[in-house]
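The values are calculated or read from the model by the stated rules, or taken from the named source; none is laboratory data. Here the structure is a predicted model, which means the values were calculated and not measured. Here the Cβ positions follow ideal geometry from the backbone for every residue, glycine too, while neighbour counts run over all protein chains shown.
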Number of protein chains: 2
Amino acid sequence: MKKFYIAKSRRLRGTPYSSRIENQGLTAYTVYNHMLLPAGFEGIEKEYFHLKENVQVWDVAGERQVQIVGKDSAKLIQLMTSRNLSKAKVGRCYYAPIIDEQGKMINDPIILKLDENKWWISLADSDVGLYAKGIASGLNLKADVSEPDINILAVQGPKSFKLMEKVLGKKITELKFFGFDYFDFKGNKFFIARSGWSKQGGYEIYVENRKAGLNLYDELFSVGKEFNLKPGCPNLIERIESGLLSYGNDFDNGDNPYECGFDQYIDTKSDINYLGKKALIKILKEGIKRKLMGVTIDLDKIEMTEELPIQSGKNLIGYLRSAVYSPQFKKVVGIAMINKEYWDKKTPFELEINGKKSKGSVCNLPIV
Amino acid sequence: MKKFYIAKSRRLRGTPYSSRIENQGLTAYTVYNHMLLPAGFEGIEKEYFHLKENVQVWDVAGERQVQIVGKDSAKLIQLMTSRNLSKAKVGRCYYAPIIDEQGKMINDPIILKLDENKWWISLADSDVGLYAKGIASGLNLKADVSEPDINILAVQGPKSFKLMEKVLGKKITELKFFGFDYFDFKGNKFFIARSGWSKQGGYEIYVENRKAGLNLYDELFSVGKEFNLKPGCPNLIERIESGLLSYGNDFDNGDNPYECGFDQYIDTKSDINYLGKKALIKILKEGIKRKLMGVTIDLDKIEMTEELPIQSGKNLIGYLRSAVYSPQFKKVVGIAMINKEYWDKKTPFELEINGKKSKGSVCNLPIV
């Protein structure tokens, strides 16, 4: 595939860590929430194996925060998501679909409750802050919506626990999955959650002070030598195999949360109030006709820039939305929106790319 | 400067024209409204001189449209902008600041009135569709908000008029600046506006049918040979010299429309109703303390990824937000947010980049 450079500008915001990662072997960027997100160092397969066995530090400042503060903040948060947050606890993270009035997906962030009247929405790639501002203005809510200067560092991989313990002390190992707390490093407080965009374990450090964050970054790399720490980034192979969905890739504003398999994050029964509730009740009643599933394809490479139709003879099985060659499965693995009649069948399918047909089959997520 | 590749994925949507421009010498992309936007071919200076003397076709599909349809569509449109659109005419384009309730900028699109109850917002780089959905839901408006599959081709440069006349007929030359109409090409209707993101003259073709659009694309390049047509893209040198502002580069949600020099698009006196009106009345009364201006700097290159402070000795003059070397002025030209006490002075300033100080001065926009 031909490669193209990224043209830098202030509009594609740099992060506090950009100059560091660029000196640590970065080769490629993507753009996420109007910000540069690192997308490659030594090569995706090397990085995949390294992530699954060691520890990586990722500059994921592109996971911007929408901060909502004020006495109507909980009401505004609930209006945007189908997940019941009425019993949400301070100190916990909640994966939650953000939907519009038609019940279609807008984002799938982690929502963090910092206080009864203070929340962060840790975003996938869309301007949810504008959605929140629109609703708040329309309903005249007492809720201040802003994007604070928070720049997340993710520490991911099986050795992340030992590394973080060595840098931040024993207390960090007591943090439960999707819990968060403040931790001290050289006199600065860091908001840290046990979370991250891989299934290999680890933490996300919500850096609120740029200078202190760079000191912590350098300390992680200094201490990290003994754990074979490397700079990294969300890994396409790992995320597809793990079934970690990506807004804009696997689903978008054309899809509803049932089609994305988010059933456990949809409350249609209690009396909570959110936009799109009526639409979701109707969808639930009628049943969905397609959903996201895994696929494997007999190919040794693929590049996606748009969804690709998947056929079985003349019948349309669905659309491939993300895909990459997996060195583990020795074929291409992907995530596809599959029509209902093919959910349970092990029907082999054809995928035609540039006139060349390949064989494949549908499977569940994660791909095992 | 080190260069980095862009990592492609479905999330950074390709356009109908991507495969064509990639075979026509494209070297770099940027990302605009979650879509690939071409950012370089033969080199920015060569492209600058070519654009000012000839004609270029640009793939600006990244200028996505928010379509608003319904009996409350005009009300919803007006709620988002400080420009008085109560007398807007069908068939006309309106440059209009989109602002939030605090009177801060969200976008600076072209708003097109297609019908009494049908509007397009031709976007700069932010998800205004989500803002519109939020307001519509909050106020329970009868307005359907969507992103139709419209992929703009811009034809820009002084020879664009002759080229378009040859391809589409005499009628196209009668289109007034910021007017639009439908034109026929080989049995397909094309929505064409006399507009574009340069000051060199030209058109924007709102392609609603992908296949017909590719036929028109190919015809433009076939007929274009005699006009020295080349593929191109918005040119940073031309836009800065012309004073064409860019959301995300020159201004963002931290700035108000007075600071951006949008005074003529702000109505605080009539009884129209828009979000942020109160805030703007207050800002107008108090007066602004900074505004966007041009600058020239004695440098032969620059790369921007964040705003840079501009000093005069120990005094802060403002912040540089966009800049590029201009082969015409033989120095760097830029757009900066300048503090009030320096608006009228020809005070030379210092800009420090990587520890190296350069001399410069403030000027008006456009830079002449």
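Quick notes on this structure:
- Residue match in the stretch A:225-236 (condition: in contact (Cβ under 8 Å) with a residue 60 or more places away in the chain, in contact with a Gly (Cβ under 7 Å, 6 or more places away or on another chain), more than 14 Å from chain B (Cβ to nearest Cβ) and in a loop (DSSP other than H, G, I, E, B)): no
- Just one of the listed residues (B:Ile237, B:Ile266, B:Ile281) is surrounded by fewer than 18 Cβ atoms within 10 Å (Cβ to Cβ), at pLDDT 95 or above and of a type in the set (A, V, I, L, M, F, W, C), namely B:Ile281.
- Of the residues making up the stretch A:1-29, those that are touching a Pro at 6+ places or on another chain (Cβ under 8 Å) and either within 7 Å of chain B (Cβ to nearest Cβ) or closer than 26 Å to B:Leu236 by Cβ (or both) number 4.
- Odd one out for B:Pro309 among (1) surrounded by fewer than 17 Cβ atoms within 10 Å (Cβ to Cβ); (2) over 25 Å from the mean Cα position of the chain (by Cα): (2)
- Unique match (being under 30 Å from B:Ser19 (Cα atoms) and either in contact (Cβ under 8 Å) with a residue 40 or more places away in the chain or in contact with a helix residue (DSSP H, G or I) (Cβ under 6 Å, 6 or more places away or on another chain) (or both)) among B:Ser86, B:Ser82, B:Ser122: B:Ser122
- Reported count of residues in the stretch A:104-141, each being part of a loop (DSSP other than H, G, I, E, B) and within 12 Å of chain B (Cβ to nearest Cβ), is 8.
- Restricting the stretch B:147-164 to residues that are surrounded by fewer than 16 Cβ atoms within 10 Å (Cβ to Cβ) and within 14 Å of chain A (Cβ to nearest Cβ), the residue that is nearest to A:Lys104 (Cα to Cα) is B:Pro148.
- Of all the listed residues (B:Ser242, B:Ser270), the sole one being farther than 27 Å from B:Val155 by Cα and away from chain A (no Cβ under 14 Å) is B:Ser270.
- Test set (1) over 22 Å from A:Arg92 (Cβ atoms); (2) assigned to a loop (DSSP other than H, G, I, E, B); (3) more than 14 Å from chain B (Cβ to nearest Cβ) - A:Val167 fails condition number: (2)
- Inclusion of B:Ser73 among residues that are within 13 Å of another protein chain (Cβ to nearest Cβ), crowded, with 20+ Cβ neighbours inside 10 Å and closer than 30 Å to B:Asp181 by Cβ is not warranted.
- Of all residues in the stretch A:43-59, those satisfying the criterion of being surrounded by 24 or more Cβ atoms within 10 Å (Cβ to Cβ) and either in a strand (DSSP E or B) or in contact with a Leu (Cβ under 7 Å, 6 or more places away or on another chain) (or both) are A:Val55, A:Gln56, A:Val57, A:Trp58, A:Asp59.
- Just one residue in the set A:Ser86, A:Ser9 is outside any helix (DSSP H, G or I), surrounded by fewer than 19 Cβ atoms within 10 Å (Cβ to Cβ) and among the polar types (S, T, N, Q); that residue is A:Ser86.
- Checking each residue in the stretch B:295-353 for being within 13 Å of chain A (Cβ to nearest Cβ) and in a strand (DSSP E or B) picks out B:Leu308, B:Tyr319, B:Leu320, B:Arg321, B:Ser322, B:Ala323, B:Val324, B:Gly334, B:Ile335, B:Ala336, B:Met337, B:Ile353.
- Yes/no for B:Lys357 being assigned to a strand (DSSP E or B) and either out of contact with any helix residue (DSSP H, G or I) (no Cβ under 9 Å at 6 or more places or on another chain) or of a type in the set (Ser, Thr, Tyr) (or both): yes
- All positions within the stretch A:245-266 that are more than 11 Å from every other protein chain (Cβ to nearest Cβ) and of a type outside the set (Phe, Trp, Tyr): A:Leu245, A:Asp255, A:Asn256, A:Pro257, A:Glu259, A:Cys260, A:Gly261, A:Asp263, A:Gln264, A:Ile266
- Within the stretch A:30-42, restricting attention to residues that are within 7 Å of another protein chain (Cβ to nearest Cβ) and not aliphatic (A, V, I, L, M), the residue that is surrounded by the fewest Cβ atoms within 10 Å (Cβ to Cβ) is A:Gly40.
- Test: residue in the stretch B:192-203 that is modelled with pLDDT of 95 or more, touching a Cys at 6+ places or on another chain (Cβ under 8 Å) and within 14 Å of chain A (Cβ to nearest Cβ): no
- For A:Gly62, the criteria (1) assigned to a helix (DSSP H, G or I); (2) within 28 Å of B:Gly129 (Cβ to Cβ); (3) out of contact with any helix residue (DSSP H, G or I) (no Cβ under 9 Å at 6 or more places or on another chain) hold in every case but one, which is (1).
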